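The values are calculated or read from the model by the stated rules, or taken from the named source; none is laboratory data. Here the structure is a predicted model, which is why all the values come from computation and not from measurement. With ideal geometry, Cβ positions are generated from the backbone for all residues, glycine too; neighbour counts draw on all protein chains shown. Calculation scope for accessible area: heavy atoms of the full protein, side chains included, ligands and nucleic acids excluded. Shrake-Rupley method; radii C 1.70, N 1.55, O 1.52, S 1.80 Å.
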Amino acid sequence: MVKRGQIRIFDIVNFLLLAFVAFASLFPFIHMASVALSSPDYVVRNEVGLWPKGFQWDAVSAAIGDKRLWIGYRNTLLYLILGSCISMTLTIMGAYALSRKSLIFGKAVMMIIVFTIMFNGGMIPFYLVMKSYGLMDTIWAMVLPSAINTYNLIIMRTFFQGLPVEIEESGRIDGLSDFGLLPSIIIPLSKPVLMTVGLFYAVEIWNSFSAALLLLRDANLFPLQLMIRNLVVVGQSGDVLESSAASGKTVVLESLKYALILLGSLPIIMVYPFIQKHFEQGALIGSVKG
């Protein structure tokens, strides 16, 4: 029998451990925000820690004033909406079909799909295939290649398999076919897994970088992450510093970089708390059995 005092000690240790993990996860964002909001004098001397020193908005306003950042936002939102709709539609239909025991060659098809997790053609074949299909420098290059994620497909398939068979049978008694069961019964009962997989796809599209770097040449089609990469890594932020200096603002490169990274990360971070409960439930239910 476990004593009450032992449970209390476990709760305290568990709380401290989780608090440490949470702080370690949040520290980079807190530090970047502090540097972005600090005076250049403190940033240059590397004296900024967890709190801003010499609070000012010059770096953030300079980042917001760069039109390339907003072009990246526009493109990413377009890819996010279009890509999520396509990915969710294809994943739902594929997962529902694979979850049916009556599917002919269902196990063989599932083995082929799982095979793609372990092996893929690589970057050069991927590039050549996309080029042969004429997807270079188009919005479809950011949407179609990653339309279905195998892990998400398996999670949703497992969830559909766990739904009570009696519900499906009652729908068939009412005269519903598979095309009627899916939108009328299955999807309304699958809110947790739909929210979870939708979040997975949204984060994947929002952070999409390698495909854009490989397939896009037109700067007007660059997603947000590629725009930030060009500004932070490649060094295209020099004109932002020059325009800030011309307007009487003193901005150092380090503060500008952190401000750009934060502006690119905040939207998806702000959305997560609102769907966290669905995310946890869907991920657990969808991983109970394979």
_Subset of the range 41-61 (residues that are in a loop (DSSP other than H, G, I, E, B) and touching a Ser or Thr at 6+ places or on another chain (Cβ under 8 Å))_ = V48, G49, L50, W51, P52, K53, G54, F55, Q56
*Sort out which residues of the range 108-124 are exposed (fewer than 10 other Cβ atoms within 10 Å of the Cβ) and either of a type in the set (F, W, Y) or at pLDDT below 85 (or both), and write them in order of number.*
M118, F119, G122
*Being within 24 Å of Y151 (Cα to Cα) and at pLDDT 90 or above narrows it down to one of L17, L80, L103, so name that one.*
L80
*Those residues of the range 45-70 which are of a type in the set (A, V, I, L, M, F, W, C), open to solvent by 40 Å² or more (accessible area, probe 1.4 Å) and either farther than 13 Å from L256 by Cβ or under 26 Å from the mean Cα position of the chain (by Cα) (or both), in sequence order*: L50, W51, F55, I64, W70
*Kindly provide the set of residues from the range 156-186 that are within 25 Å of the chain's Cα centre (by Cα) and either among the small types (G, A, S) or open to solvent by 30 Å² or more (accessible area, probe 1.4 Å) (or both), ordered by number.*
R157
*Determine which single condition S38 fails, assuming it passes every other condition in (1) crowded, with 19+ Cβ neighbours inside 10 Å; (2) in contact with an Asp or Glu (Cβ under 9 Å, 6 or more places away or on another chain); (3) in a helix (DSSP H, G or I).*
(3)
_Among (1) part of a helix (DSSP H, G or I); (2) more than 18 Å from P267 (Cβ to Cβ); (3) hydrophobic (A, V, I, L, M, F, W, C), the one test that M32 misses_ = (2)
*Kindly establish whether N75 is in a helix (DSSP H, G or I) and either free of Cβ contacts under 8 Å to residues at least 12 places away in the same chain or within 30 Å of I261 (Cβ to Cβ) (or both).*
yes
_Restricting to the range 251-273, name every residue that is more than 15 Å from the chain's Cα centre (by Cα) and at pLDDT below 80._
V251, V252, L253, E254
